[in-house]
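Reading through the structure tokens given below for one structure.
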Amino acid sequence: MINLNYKRLITTALVIGWCAVIFSFSSQSASESSKTSGGLIEAFCNFIIPEFGDFSGLQREEFIEHLQFAVRKCAHFTAYGILGFLSWFALFDIKTKLRYAIAVGFSFLYACSDEIHQYFVPGRSNEIRDILIDTAGAMLGALIAFGITKLFLNFRKQKNTAD
């Protein structure tokens, strides 16, 4: 079995590391952020839509621009879903309801601080909508972690009764 102090160190490091990843994305200027999301969309479209390479430059730009809002909001949701998931596991010695509340509450507070941080980044804005999207992602991430924990505990319980 893994030493509890070692487990706490690893899970806390994962949460801090993921917060650093979120912070680094939030630190990008508006033009850098657009290049990042636009590049991902373009790569995805080239892979999924065989005719995408035949689009004119203007058609490609317009197509990418139409998808950027949805992609950015999905990125918010996913990034904070991962944070909620990791936070759940970092709180392994706390009872379920409180554990969920702390994991989501921490993610919410980090989302608030992230939006404040973005206020100071050139071309970026801070929006309550993003905090809500981030928190919804964290809620789902923590819920998925709860489900995985339940499945694991049930599996272990069945295995122990079979032995």
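The values are calculated or read from the model by the stated rules, or taken from the named source; none is laboratory data. These numbers were taken from a predicted model, which means no experiment stands behind them. Neighbour counts are summed over all protein chains in view; Cβ atoms, including those assigned to glycine, are modelled from backbone coordinates with ideal geometry. What goes into the accessible areas is simple: the full protein's heavy atoms, side chains included, and nothing from ligands, DNA or RNA. Shrake-Rupley method; radii C 1.70, N 1.55, O 1.52, S 1.80 Å.
Let's see how each residue does on (1) surrounded by 12 or more Cβ atoms within 10 Å (Cβ to Cβ); (2) within 25 Å of Arg156 (Cβ to Cβ); (3) of a type in the set (D, E, K, R); (4) at pLDDT below 95:
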position: Asn3; (1), (2), (3), (4): no, yes, no, yes
position: Ala20; (1), (2), (3), (4): no, no, no, no
position: Ile48; (1), (2), (3), (4): no, no, no, yes
position: Phe52; (1), (2), (3), (4): yes, no, no, yes
position: Leu58; (1), (2), (3), (4): no, no, no, yes
position: Leu86; (1), (2), (3), (4): yes, yes, no, no
position: Asp93; (1), (2), (3), (4): no, yes, yes, yes
position: Ala103; (1), (2), (3), (4): yes, yes, no, no
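If a residue must be surrounded by 12 or more Cβ atoms within 10 Å (Cβ to Cβ), assigned to a helix (DSSP H, G or I) and not hydrophobic (A, V, I, L, M, F, W, C), how many such residues does segment 117-163 contain?
8
Checking each residue in segment 107-130 for being of a type in the set (A, V, I, L, M, F, W, C) and closer than 18 Å to Ser33 by Cα picks out Ala111, Ile116, Phe120, Val121. Name the residue that is most open to solvent (accessible area, probe 1.4 Å), counting only residues in segment 22-37 that are under 12 Å from the mean Cα position of the chain (by Cα) and within 29 Å of Arg60 (Cα to Cα). In this case the residue turns out to be Phe25.
Can you find, within segment 86-116, the residue that is nearest to Met139 (Cα to Cα) among those that are outside any helix (DSSP H, G or I) and of a type in the set (D, E, K, R)? Step by step, filter segment 86-116, then rank; the result is Lys95.
Inside segment 61-110, residues that are in contact with a Cys (Cβ under 8 Å, 6 or more places away or on another chain) and not aliphatic (A, V, I, L, M) make up a count of 2. Can you confirm whether Gly147 is under 17 Å from the mean Cα position of the chain (by Cα) and within 29 Å of Tyr6 (Cα to Cα)? No; evaluated as a whole, the condition is false for this residue. Out of curiosity, is Glu51 closer than 27 Å to Ser31 by Cβ, assigned to a helix (DSSP H, G or I) and either among the acidic types (Asp, Glu) or more than 17 Å from the chain's Cα centre (by Cα) (or both)? So Glu51 does not fit the description; no.
When the test is whether a residue is more than 20 Å from Phe23 (Cβ to Cβ) and either in contact (Cβ under 8 Å) with a residue 60 or more places away in the chain or surrounded by fewer than 13 Cβ atoms within 10 Å (Cβ to Cβ) (or both), Lys73 does not pass it.
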